[in-house]
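The values are calculated or read from the model by the stated rules, or taken from the named source; none is laboratory data. These numbers come from a predicted model, not from an experiment. Cβ sites come from the backbone with ideal geometry, for glycine too, and all protein chains shown count toward neighbours. These accessible areas exclude ligands, DNA and RNA; they are computed on the full protein's heavy atoms, side chains included. Shrake-Rupley method; radii C 1.70, N 1.55, O 1.52, S 1.80 Å.
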Amino acid sequence: MRNGTITTFILLGLTDDPELQVLIFIFLFLTYTLSITGNLAIIILTFVDPHLKTPMYFFLKNLSFLEISFTSAIIPRYLYSIATGDNVITYNACVIQVFFTDLCGVSEFFLLAAMSYDRYVAICKPLHYVIIMSNSVCRILNICCWVAGLCIIIPPLSLGLNLKFCDSNIIDHFGCDAFPLVKISCSDTRFMEWTVIICAILTLNMTLTCVVLSYAYIIKTIFRFPSVQQRKKAFSTCSSHMIVVSITYGTCIFIYMNPTAKEKVTINKVVSLLISSISPTLNPFIYTLRNNQVKKAFEDSIKRIALLSTK
């Protein structure tokens with residue numbers, strides 16, 4: 001985004017009502033604290049507990065890192081704006097925010113696809129699981145998720161760096177986002193808008209195809225299991241991931257693939273807020289509350305800390 005005469009932007013946020021701003025601040029502060037605490041707990045547990053040294057928890061650890069990075073790129077700045085009344089953000093800070101939110105957001109889709117492939121191998125090819133999902137393969141898949149995210153955001157970001165802002169510097173959003181920035185630009189943005197939409201659709205379609213195919217084979221395999229107990233156990237290992245996938249894809253499809261949603265600025269901002277605050281908060285609880293192994297690891301860690309504190 002090339003700034004001609006404009007060096008700063010003004011973020012309008014969600015509302016001008018002081019009472020609503022207080023409620024939003026409390027809500028965001030609580031969800032952000034829970035998000036950081038929950039995701040950090042998962043990262044620490046996967047490092048210290050030997051029972052969580054499996055591919056599934058390797059990907060979960062990286063998902064938690066992405067969630068922390070994504071929400072930290074948006075929420076603290078908005079909390080600062082509400083608390084101080086300072087809605088001004090510099091041009092460079094805005095560019096950095098767009099880069100990190102887009103990179104983390106896109107990379108998360110590819111990581112969710114990699115996690116669905118991991119579940120496919122675990123259920124459909126259990127005898128070859130250790131060989132197929134080796135440590136090196138998991139690391140390569142994780143790196144590929146980041147590289148894919150970077151490759152997806154480079155074309156629209158490169159075009160965005162050439163945008164001029166000369167008439168208005170008021171962003172009708174609580175953070176720097178592609179569509180609000182395009183809306184106030186005085187450049188011809190048609191090509192960039194189509195690039196953003198195409199990149200978003202490509203990301204959603206590629207990763208969703210992988211997820212759907214993986215779970216199609218998983219469900220097909222599960223129904224072949226002879227006992228009901230085996231089916232329940234197999235479904236329980238996938239249920240948390242399926243819930244997270246549904247929440248993530250549902251909200252993003254609403255924003256990028258629903259034409260009317262882009263026109264309804266308020267709805268767009270509210271959905272964006274849910275993505276940046278609620279989803280990162282729910283994810284660790286969805287994975288831990290439905291997972292006995294993680295709960296046991298957490299209980300063991302608490303016991304070890306209590307034992308050390310008594311010595």
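Please give the direction-averaged projected area of the C-alpha convex hull for the stretch 99-183, in square nanometres with one decimal.
Result: 7.0 nm².
About the Cα centre, and with charges only on the beta carbon of Lys, Arg (+1) and Asp, Glu (-1), how big is the dipole of the chain? Nearest 20 debye, please.
1560 debye
For the stretch 59-188, which whole-number percentage of the solvent-accessible area (1.4 Å probe, protein heavy atoms only) is attributable to carbon and sulfur atoms?
67 percent
Convert each backbone phi in the stretch 154-160 into a coupling constant with the Karplus relation 6.51 cos²θ - 1.76 cosθ + 1.60 (shift: θ = phi - 60°), then list the ³J(HN,Hα) values in order as whole Hz, x for Gly and Pro.
4, x, x, 5, 4, 5, x
Roll a 1.4 Å probe over the protein chains and send me the accessible area per residue for the chain in Å².
For the chain, the per-residue accessible area is 51 Å².
Quickly estimate the mean residue ellipticity at 222 nm for the chain, helices only: each DSSP H run with n ≥ 4 gives -39500 (n - 2.57), and the total goes over all residues, rounded to 500.
Result for the chain: -26000 deg cm²/dmol, rounded to the nearest 500.
My understanding is that a pair violates if its Cα-Cα distance is over 30 Å; which of LYS232/LYS269; LYS220/LYS269; LYS53/LYS125; LYS53/LYS220 do that in this structure?
Too far apart for the 30 Å limit: LYS232/LYS269; LYS220/LYS269.
Considering only SER64, SER187, SER214, give the residue with the highest GNM mean-square fluctuation for the chain, with springs between Cα atoms whenever their separation is below 10 Å.
SER187
Go through 32-45, 155-168 and give me the packing order, highest mean Cβ count within 10 Å leading.
Peptide ranking by packing, descending: 32-45, 155-168.
Which ³J(HN,Hα) values in Hz, rounded to whole numbers, follow from the phi angles of the stretch 56-61 under the Karplus curve 6.51 cos²θ - 1.76 cosθ + 1.60, where θ = phi - 60° and Gly and Pro get x?
Per-residue couplings from phi come out as 4, 7, 5, 5, 5, 4 Hz.
Which ³J(HN,Hα) values in Hz, rounded to whole numbers, follow from the phi angles of the stretch 108-116 under the Karplus curve 6.51 cos²θ - 1.76 cosθ + 1.60, where θ = phi - 60° and Gly and Pro get x?
5, 4, 5, 5, 5, 5, 5, 5, 5
What base-10 log of the normalised intensity I(q)/I(0) is obtained for the stretch 46-88 from the Debye formula, alpha carbons as equal point scatterers, at q = 0.13, 0.14, 0.22 Å⁻¹?
Calculated log10 I(q)/I(0) at the listed q: -0.46, -0.49, -0.71.
Using only protein heavy atoms and a 1.4 Å probe, report how much of THR189 is accessible, in Å² to the nearest 10.
Its heavy atoms expose roughly 20 Å² to the probe.
Just need the relative contact order of the chain here, percent rounded to a whole number, with Cα pairs under 8 Å and 6+ apart. Intermediate values should be presented prior to the final figure.
On the way: 345 pairs, mean separation 89.0, N = 311.
Once divided by the residue count of the chain, the mean separation gives 29 percent.
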